Amino acid sequence: MNPDLIHFVVTVAFSFLTGLEVRTYRERFHPDKPQDFFGTARTYTFIGILGFVFYKIDPVHLVPYAAVLVGLTLLYALFYYRKLIDHRQSILLFLVMLCVYAFGPLTQISHLWMPSLLFVLIVFILNAREAIHRFTLGINPHEFETLGKMVLLSAVILPLLPNENIVPFIPLSPFKIWLAVVVVSAISYGGYITQKYFFPERGYFLTGLIGGTYSSTATTVVLARKSKQTGKNSLIDASIIAATSVMYLRLIVIALLFNTEIGKSLILPFLALSFAGFFIALFFLKNSRKEIQTSDFVDKNPLELGTAFIFALLFVVMMILTQYITEEYGSAGLEIFSFVVGFTDIDPFVLSLLTGKYSVTSQQIIAAIMIAAGSNNLLKSAYALWFGSLKSNWRSALVVALLGLVTIGWALRIEHLLCYK
């Protein structure tokens, strides 16, 4: 078939179907206000034909196409003026009409997927009115500011940074340092958004699962505080253990992103520890009290500009300290340093190990990451008892501490085998 004929048929079909969709929209949402609507299915079909024909007449200068567009706009302006008199202000139908008028040029200058995608979006957006309304009512306006910060971190600051090493004692370029910040921030931000908006009626266990993707320590603190109010609760115990189990999976993802060799070596121990934690958590979950199912997790977004800059600073400091300790004290110093760092935020330290160049082997770096993760579990175990209580949280604290000790023992076993070789 002639390409022009195919383009014309596609334009007519999409224009007619859009007109039918507008009619369905009117009957569904505004059955008592037919005067608010501009045109019928036939009207939209003719608008699509006009767009095709007048673009075809002069596809270079677009004078006929623009003239018809101005005429349609003036015609709608008269209709809109009447709506303003009746205190109605929506221009939704005018925007739909502009999309229909664009079908003709799109079918001629682009692939079929472009007008098809435009038609699908029109249908979805018109039918998503109630869902969009509910979403806008539930969203915190502060989230748009946070989204802007994420765009600033990733799409503005990152491309502007040089990709060459500019400081002699720092083995990474500013671009790669900030890339690490963006990746960790994106993982944390994604977990936060998933928890808050996709599972608003989440239970405690889901809080532990998703909270562990961006801060298992903060999740442990909040759940421990809640258990102090509710008393001994197997469900909260399961949630605390689940948060730590997710931490192991999170570290695997980060390691694979920044150092594939080390990431692959961490898969076996961290998966084993994670599955062990999940198995114990499911045991507690099975025996939990079913009357408590929803949680009120603290509504605090982990993505802040100040936090990002502090993270970048800690990342650089950890890299410098790690380089100094490995050169002066070797693997023994790195082990002690890893254990101490575990009682703080371990992400900057882990990233410094994954991206830096040190005078230690890959196996020693793997052991250091595991020691840091293990000592961080000991910190979370102490937090569970401190912010909760011995009576209500001793079981989850014991499990998390045991996971930490096993992690450290596994790391020391790796070091022992390395020394034996």
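From the residues in the stretch 283-307 that are in contact with a Phe, Trp or Tyr (Cβ under 9 Å, 6 or more places away or on another chain) and aliphatic (A, V, I, L, M), which one is modelled with the lowest pLDDT?
Residue satisfying both the conditions and the ranking: I292.
Condition first: buried (at least 16 other Cβ atoms within 10 Å of the Cβ) and closer than 15 Å to L314 by Cα. Now tell me which residues in the stretch 324-349 satisfy that. Spell out the reasoning first.
Start the filter on the stretch 324-349 by keeping residues that are buried (at least 16 other Cβ atoms within 10 Å of the Cβ), which leaves 325-326, 331, 333-335, 337-339, 341-342, 344-349.
Correct list: F337, S338, V341, G342, T344, D345, I346, D347, P348, F349.
Going through L152, L179 one at a time, which residue ends up being under 30 Å from V253 (Cα atoms) and free of Cβ contacts under 8 Å to residues at least 24 places away in the same chain?
Values: L152 fails: free of Cβ contacts under 8 Å to residues at least 24 places away in the same chain.
Only one candidate passes the filter, namely L179.
Kindly indicate whether any position in the stretch 94-104 is assigned to a helix (DSSP H, G or I) and either of a type in the set (S, T, N, Q) or modelled with pLDDT under 85 (or both).
In the first step, residues of the stretch 94-104 are kept if they are assigned to a helix (DSSP H, G or I); the result is 94-104.
Subsequent filtering for residues that are either of a type in the set (S, T, N, Q) or modelled with pLDDT under 85 (or both) retains none.
No, the stretch 94-104 contains no residue that is assigned to a helix (DSSP H, G or I) and either of a type in the set (S, T, N, Q) or modelled with pLDDT under 85 (or both).
Just checking, which of I414, I365, I346 is closer than 18 Å to E327 by Cα and of a type in the set (A, V, I, L, M, F, W, C)? Write out each step before concluding.
On the way: I414 fails: closer than 18 Å to E327 by Cα; I346 fails: closer than 18 Å to E327 by Cα.
Within the list I414, I365, I346, the selection yields I365.
Determine whether T326 is hydroxyl-bearing (S, T, Y), out of contact with any strand residue (DSSP E or B) (no Cβ under 7 Å at 6 or more places or on another chain), in a helix (DSSP H, G or I) and farther than 21 Å from I177 by Cα. Before the answer, list the steps.
Numbers: hydroxyl-bearing (S, T, Y): yes; out of contact with any strand residue (DSSP E or B) (no Cβ under 7 Å at 6 or more places or on another chain): yes; in a helix (DSSP H, G or I): yes; farther than 21 Å from I177 by Cα: no.
No; evaluated as a whole, the condition is false for this residue.
Would you mind stating whether S352 is among the small types (G, A, S) and in contact (Cβ under 8 Å) with a residue 40 or more places away in the chain? Working first, answer last.
Working: among the small types (G, A, S): yes; in contact (Cβ under 8 Å) with a residue 40 or more places away in the chain: no.
Criteria not met by S352.
Among the residues that make up the stretch 55-62, is at least one of them part of a helix (DSSP H, G or I) and either open to solvent by less than 60 Å² (accessible area, probe 1.4 Å) or of a type in the set (S, T, Y) (or both)? I'd like the intermediate steps shown before the answer.
Within the stretch 55-62, the first condition is being part of a helix (DSSP H, G or I), and the residues that meet it are 55-57.
Next cut, either open to solvent by less than 60 Å² (accessible area, probe 1.4 Å) or of a type in the set (S, T, Y) (or both) only: 55.
Yes - at least one qualifying residue is present in the stretch 55-62.
As an exercise: evaluate F343 against (1) at pLDDT 90 or above; (2) part of a helix (DSSP H, G or I) and give the number of the one condition it does not meet.
(2)
List pairs: first residue in the stretch 389-401 and closer than 19 Å to N376 by Cβ and at pLDDT below 90, second residue open to solvent by 10 Å² or more (accessible area, probe 1.4 Å) and of a type outside the set (G, A, S) anywhere in the structure, Cβ distance under 6 angstrom, at least six positions apart or on different chains.
Close Cβ pairs satisfying both conditions: N393/L385.
Please enumerate the residues belonging to the stretch 334-352 that are touching a helix residue (DSSP H, G or I) at 6+ places or on another chain (Cβ under 6 Å) and over 13 Å from L412 (Cα atoms).
Within the stretch 334-352, F337, V341, G342, F343, I346, D347, P348, F349, V350, L351, S352 meet the criteria.
Hey, any hits in the stretch 179-195 for a residue that's out of contact with any Lys or Arg (no Cβ under 9 Å at 6 or more places or on another chain), open to solvent by less than 20 Å² (accessible area, probe 1.4 Å) and closer than 21 Å to T407 by Cα?
Checked against the condition, which is being out of contact with any Lys or Arg (no Cβ under 9 Å at 6 or more places or on another chain), open to solvent by less than 20 Å² (accessible area, probe 1.4 Å) and closer than 21 Å to T407 by Cα, the stretch 179-195 yields no hits at all.
Looking at (1) of a type outside the set (A, V, I, L, M, F, W, C); (2) open to solvent by 30 Å² or more (accessible area, probe 1.4 Å); (3) under 28 Å from N233 (Cβ atoms), which is the one condition that is false for G404?
Every listed condition holds for G404 apart from (2).
Looking at the structure I just gave you, is H30 at pLDDT below 90, surrounded by fewer than 16 Cβ atoms within 10 Å (Cβ to Cβ) and within 28 Å of E130 (Cβ to Cβ)? Even if it seems obvious, please write down each step before you answer.
Working: at pLDDT below 90: yes; surrounded by fewer than 16 Cβ atoms within 10 Å (Cβ to Cβ): yes; within 28 Å of E130 (Cβ to Cβ): yes.
For H30, the condition - at pLDDT below 90, surrounded by fewer than 16 Cβ atoms within 10 Å (Cβ to Cβ) and within 28 Å of E130 (Cβ to Cβ) - is met.
Which condition from (1) more than 19 Å from L121 (Cα to Cα); (2) modelled with pLDDT of 90 or more is the one that M1 breaks?
The single condition M1 does not satisfy is (2).
Considering only residues of the stretch 219-241 that are open to solvent by 10 Å² or more (accessible area, probe 1.4 Å) and among the hydrophobic types (A, V, I, L, M, F, W, C), which is nearest to V400 (Cα to Cα)? Spell out the reasoning first.
Initially, the stretch 219-241 is screened for residues open to solvent by 10 Å² or more (accessible area, probe 1.4 Å), giving 221-222, 225-226, 228-232, 234.
Now restrict to residues that are among the hydrophobic types (A, V, I, L, M, F, W, C): 221-222.
Details: V221: 13, V222: 16 Å.
So, considering only residues that are open to solvent by 10 Å² or more (accessible area, probe 1.4 Å) and among the hydrophobic types (A, V, I, L, M, F, W, C), the one nearest to V400 (Cα to Cα) is V221.
Residues in the stretch 161-185 that are outside any loop (DSSP other than H, G, I, E, B) and hydrophobic (A, V, I, L, M, F, W, C): how many? Write out each step before concluding.
We begin by selecting, within the stretch 161-185, every residue outside any loop (DSSP other than H, G, I, E, B); these are 174-185.
Checking the rest, the ones that are also hydrophobic (A, V, I, L, M, F, W, C) come to 175, 177-184.
Residues meeting the conditions: 9.
Given (1) closer than 21 Å to T407 by Cβ; (2) surrounded by fewer than 21 Cβ atoms within 10 Å (Cβ to Cβ); (3) of a type outside the set (A, V, I, L, M); (4) at pLDDT 90 or above, where does T244 come up short, assuming only one miss?
Result: T244 passes all but (2).
Taking the conditions exactly as written (open to solvent by 30 Å² or more (accessible area, probe 1.4 Å) and modelled with pLDDT of 90 or more), does L50 satisfy them or not? Can you show your working first?
On the way: open to solvent by 30 Å² or more (accessible area, probe 1.4 Å): yes; modelled with pLDDT of 90 or more: yes.
Criteria met by L50.
Open to solvent by less than 80 Å² (accessible area, probe 1.4 Å), under 19 Å from P115 (Cα atoms) and at pLDDT 85 or above - does that describe any residue in the stretch 71-93?
no
The values are calculated or read from the model by the stated rules, or taken from the named source; none is laboratory data. Remember, predicted model here, so these are calculated numbers, not experimental data. Please note: Cβ atoms are built from the backbone with ideal geometry, for glycine as well, and neighbour counts cover all protein chains shown. These accessible areas exclude ligands, DNA and RNA; they are computed on the full protein's heavy atoms, side chains included. Shrake-Rupley method; radii C 1.70, N 1.55, O 1.52, S 1.80 Å.
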